[in-house]
1. Name every residue in segment 4-15 that is surrounded by fewer than 17 Cβ atoms within 10 Å (Cβ to Cβ) and either free of Cβ contacts under 8 Å to residues at least 12 places away in the same chain or within 20 Å of residue 138 (Cβ to Cβ) (or both), in order of residue number.
2. If you check 46, 76, 56, which single one turns out to be of a type outside the set (Lys, Arg) and either in contact with a strand residue (DSSP E or B) (Cβ under 6 Å, 6 or more places away or on another chain) or at pLDDT below 95 (or both)?
3. Tell me, which helices (runs of 4 or more DSSP H) lie completely within segment 1-105 with 1 or more residues that are touching a His at 6+ places or on another chain (Cβ under 6 Å), of a type in the set (Gly, Ala, Ser) and closer than 26 Å to residue 174 by Cα?
4. Say we look at segment 100-115 and pick out the residues that are closer than 26 Å to residue 61 by Cα and among the polar types (S, T, N, Q); which of these is modelled with the highest pLDDT?
5. What are the residue pairs meeting all of these: first residue in segment 31-46, first residue outside the structural domain of residue 87 (by TED's automatic domain parsing), second residue surrounded by 15 or more Cβ atoms within 10 Å (Cβ to Cβ) and of a type in the set (A, V, I, L, M, F, W, C), Cβ atoms under 9 Å, and 6 or more apart or on different chains?
6. For residues that are surrounded by fewer than 17 Cβ atoms within 10 Å (Cβ to Cβ), within 11 Å of residue 166 (Cα to Cα) and modelled with pLDDT under 95, tally how many sit in segment 131-150.
Amino acid sequence: MEWVRCLLEDSPACHDWDHTLRVWTTARKLAAAEGAQTFIVDVAALMHDIGRPAELQDQGKTDHAVLGAEMARRLLPQWGLHDNALIDAIVHCIHAHRYRQRTQGIQPQTIEAKIVFDADKLDGMGAIGIARSFHFAGRIGARVHNTAEEALSEGSYSRQDSAYREYLVKLRHLKDKMMTASGREMALERHRFMEAFFDELNREAFS
C-alpha cells in the first residue's frame, strides 16, 4: 500500500491514490459477496493502476494494464511473495482489468479478475464517475458541455473531449460490461443516476 501510495499520490485525480483506494474498497465488498480469494483481490486492486503514470505521461501510447502486469511480476517476489500461482493470479487481474483492451483475448478469466475489473469500472460510474470525467475534461481544456454530435465529432484529448463525450463513448455502456452479479447490481443504480444527470444537463444547456 505504501509503495503504491507514493507512486500515485501526485498523479492527476482521475487515477490517483484516492481512485485506487475506492477501487480497493469496492473490490473487497465484491469479493465478500462473490466468495473470492481476498488476498488476490486485495493485492491486484491496490496495484491495478501502477502502470498508469507512464500511460498518462505519453498520452496513451503505453498500455498501463500491460505495463502494470509486468511491474507486478517483477515487484511481488521482491516484496516476499514467491508463490507462482498467486503471482500469476494477481498479474492476470492487473493485465485484464482494462476496459479498452488493446490485446485481443485478454479478458478476466477468474472470479478475482472479474471483481477487480468490475470495481474499477464502478469507479467510472455514478456521481464519482461524472466527477472524474469533468475533472479530466477540465485538465485537458475541453468544453464544459456540448451536444452529442459535437462530442462525437473529435477524439480523445480534443476540445470536444467533454465529460458528456466520456459518458457517450464509455460510461453509459459500463453496466452491460459487468462480470459479477454484485457488480451488475451496483452498476445499475449508478447508471440510472448518470442517465438522470445528463438528461438534466442537456435540458438546462439546450432547452
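1. Matches in segment 4-15: 6, 9, 10, 12, 13.
2. Sole residue among the options that is of a type outside the set (Lys, Arg) and either in contact with a strand residue (DSSP E or B) (Cβ under 6 Å, 6 or more places away or on another chain) or at pLDDT below 95 (or both): 56.
3. The qualifying helices (runs of 4 or more DSSP H) are 64-78.
4. If we take residues in segment 100-115 being closer than 26 Å to residue 61 by Cα and among the polar types (S, T, N, Q), then 109 is modelled with the highest pLDDT.
5. Matching pairs, first to second residue: none at all.
6. 0
The values are calculated or read from the model by the stated rules, or taken from the named source; none is laboratory data. Remember, it's a predicted structure, so these values are computed and weren't measured experimentally. Methodologically, a virtual Cβ is constructed for each residue, glycine included, from the backbone with ideal geometry; neighbour enumeration extends over all protein chains shown.
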